[in-house]
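Enquirer: Attaching a single structure in structure tokens format; questions to follow.
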Amino acid sequence: MIEDWFLKDLKGLCQYLKIEETKRVEGKDGLEKIKTLFKKGKKPKIYQKGSYSHKFIPSLNLLAIRNSVKIELSTVEDALGITIK
């Protein structure tokens with residue numbers, strides 16, 4: 001799931017949520033972990049799959065995320081003729 005990819009930049013997510021960076025997040029999968037993160041902090045937020053991700057995506061290091069999942073993305077990048085160094 002895309003939430004697993006978002007968690008590759010835990011630092012960026014924590015900065016967006018204005019919570020202390022954590023090394024481990026509780027949850028059975030990426031979706032549950034993101035929901036757990038969003039509930040933390042002085043002003044808890046609700047994460048709804050497919051909604052409002054445009055608000056926190058600018059806080060993420062997308063190149064770092066891409067580099068950590070480049071094997072999964074290689075087929076799509078090849079099909080689209082995308083080359084990222």
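Enquirer: Which of rounded, prolate or oblate describes the chain when judged by the alpha-carbon gyration tensor and an a/c cut-off of 1.5?
Expert: Prolate, since a/c reaches 1.5 and a/b exceeds b/c.
Enquirer: Next question, about the same structure. Taking 0.36 nm per residue of sequence separation and subtracting the Cα-Cα distance, how much length would be gained by fully extending the chain between Val69 and Ile57, in nm to one decimal?
Expert: Here the segment from Val69 to Ile57 would lengthen by 2.7 nm.
Enquirer: Given only helices, namely DSSP H runs of n ≥ 4 each adding -39500 (n - 2.57), what is the per-residue ellipticity at 222 nm of the chain, to the nearest 500 deg cm²/dmol?
Expert: The helix contribution divided over the chain gives -13500 deg cm²/dmol.
Enquirer: What's the extension gain from Asp4 to Lys40 if we count 0.36 nm per residue and subtract their Cα-Cα distance?
Expert: 11.1 nm
A short reminder: the numbers here are calculations on the coordinates, not readings from a lab. Predicted, not measured: the structure shown is a model, and the values here were computed from it.
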